[in-house]
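Taking it in order: structure first as C-alpha cells, then the write-up.
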Amino acid sequence: MSHYVRNQVEGMNDQQCLEAALKEKGYNYEVGKDLVVNSGYGRSKVDIKLPRNSGAGNHYEAGFTKDAKTGNFTLVKESMDGALREKWVNDLKQTYVKHQAIKLARAKGLKLASSRNIAGRLQLVFNV
C-alpha cells in the first residue's frame, strides 16, 4: 500500500542552505507556512515542498519538514516514488554541505575563489 514515509537527513539543519542546494540542482520548490504534500492516503505538513515533477524526478509531491527535537530536516516522500532514494539524498546533501561551507566562510570574511570536483570529491578554495 502506498503511503508517505519520513527519512531524517542527518546534519541538514539550515533551511537557507537547503534552499540554495535545491536551487543549484535546478529543482522547483515552494517555501511557506501551511504547505502540505498530498497522496491518495493522506496529507503531511512540510516547510519546503517539491511539487510533482519538480525536476528531481519525483512523480508524487514530496517535501522537507524540520524536526523540532533534532533540528534536522526530514524528507517526506511517497513510499512508491522511486526517484527520491538514497543516491538522490546523498547528491543533494553534498550540494547542501557546499553551501553550508560557503556560508560559514563568508561569516568569517572569506570569499569563494573556485570550486571543482576532483575524483568525486568537492574542493572549495577561499580567499580573504
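Read-outs: derived from the displayed coordinates by stated rules, not from any lab. No experiment lies behind these values; they were computed from the predicted model shown. Quick reminder, even Gly has a Cβ in these numbers, built from the backbone with ideal geometry, and neighbours come from all protein chains shown.
Projecting label points 7 angstrom from Cα along Cα→Cβ for K108 and N28 puts them 3.9 nm apart.
Can you tell me the dipole magnitude for the stretch 4-127 around its Cα centre, using point charges on the Cβ only (Lys, Arg +1; Asp, Glu -1), in Debye to the nearest 20?
Numbers: 21 positive and 13 negative charges, 86 e Å.
Once rounded to the nearest 20, the dipole reads 420 debye.
Could you tell me what % of all Cα pairs in the stretch 4-127 have separations over 26 Å? Counting every Cα pair in the stretch 4-127, those more than 26 Å apart make up 23 percent. Along the axis of the charge dipole computed for the chain (Cβ charges of +1 for Lys and Arg, -1 for Asp and Glu, origin at the Cα centre), the listed residues A62, M80, N13 are led at the positive end by N13.
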